[in-house]
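Right, one structure below, let's go through it.
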Amino acid sequence: MTFSLPDLPYEKDAFGDLISAETFDFHHGKHHQAYVNKANELVAADAALQGKSLFELIELSKGGARPGLFNQVGQIWNHSFYWLSLSPNPTRPSAELQAKIDEAFGGTDALIDALKAEAVGHFASGWAAIVLRQGRLEVTSYHDADTPAAHDVKPLFILDVWEHAYYIDYRNARPAYADKLLTNAINWDFVSQNLDGQGVTRADQKVEEMA
């Protein structure tokens, strides 16, 4: 089994100034591709890894068991989920999701503010996320290549806060990047579908299509 780079779910110029086509060229075409290439190399070199799905490899390598492998497969999952978490067109939370947002944060603006604070305050490289834990929405973050797929949560949304996600368009201004994307580009349809399980299934299928 080998992995391949999934297609973006939109055109590279769909976001205008929010995310440039050049950023997609490097972030998707080179960084994401590099994780795919390295994962394939590691799997090909170890018979015990061959024939396993991406999720099986994440499970096998988490917790420091195989950090080199975990870094690659975690980043493949995170990036594939990140592309789906964004939309170039305006979307709104479903009624069910909105109720969960109101319960946990008091409103969508407060949720976005919490997510911005998590993204900007996260030290060094990683990911800011909205997850469902024991039935309640939670904002959290993951360091480096760690991924919600390795934890006992349901992932709903993820934002890349590695510098390579924003340096071309925003230079070193992570706060500007987080503000622009979280205010204008969250794919609430995808987040809503993740809440009821449909989106997670769709994301899982998208990731596994690389196999």
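The values are calculated or read from the model by the stated rules, or taken from the named source; none is laboratory data. Keep in mind that what you see is a predicted model, and the values were worked out from it rather than measured. Every residue, glycine as well, gets a Cβ built from its backbone with ideal geometry; the counts of neighbours run over all protein chains shown. When the accessible area is computed, the model is the full protein with side chains, heavy atoms only, and any ligands, DNA or RNA have been set aside. Shrake-Rupley method; radii C 1.70, N 1.55, O 1.52, S 1.80 Å.
Only one of the listed residues (D17, D25, D13) is without any contact (Cβ under 8 Å) to a residue 12 or more places away in the chain, charged (D, E, K, R) and either open to solvent by 30 Å² or more (accessible area, probe 1.4 Å) or over 19 Å from S85 (Cβ atoms) (or both). That residue is D13.
The number of residues in region 10-58 being among the acidic types (D, E) and within 30 Å of T183 (Cα to Cα) comes to 5.
In region 121-136, how many residues are surrounded by fewer than 16 Cβ atoms within 10 Å (Cβ to Cβ) and in contact with a strand residue (DSSP E or B) (Cβ under 9 Å, 6 or more places away or on another chain)? So the count comes out to 5. Only a single item in (1) in a helix (DSSP H, G or I); (2) modelled with pLDDT under 95 is not met by M210, and it is number (1).
In the set (1) modelled with pLDDT of 95 or more; (2) open to solvent by 30 Å² or more (accessible area, probe 1.4 Å), D152 fails one condition alone, (1). The C-beta contact set for region 94-111 (first residue at positive phi, second residue assigned to a helix (DSSP H, G or I) and open to solvent by less than 40 Å² (accessible area, probe 1.4 Å), distance under 9 angstrom, 6+ apart or interchain) comprises G107/I101. For region 32-62, a residue qualifies if it is basic (K, R) and more than 12 Å from Q72 (Cβ to Cβ), and the qualifying residues are K52, K62.
Among the residues of region 70-84, those identified as more than 15 Å from F24 (Cβ to Cβ) and open to solvent by less than 10 Å² (accessible area, probe 1.4 Å) are V73, G74, Q75, I76, W77, N78, F81. Among the residues of region 85-114, those that are in a loop (DSSP other than H, G, I, E, B) and either surrounded by fewer than 16 Cβ atoms within 10 Å (Cβ to Cβ) or among the small types (G, A, S) (or both) comprise S87, N89, P90, T91, R92, S94, G106, G107.
Within region 137-153, residues that are closer than 16 Å to Y35 by Cα sit with their Cβ atoms under 8 Å from residues that are outside any strand (DSSP E or B) and open to solvent by 10 Å² or more (accessible area, probe 1.4 Å), at 6+ positions apart or across chains, in these pairs: D144/N71; D144/A124; D144/S125; A145/F70; A145/N71; A145/Q72.
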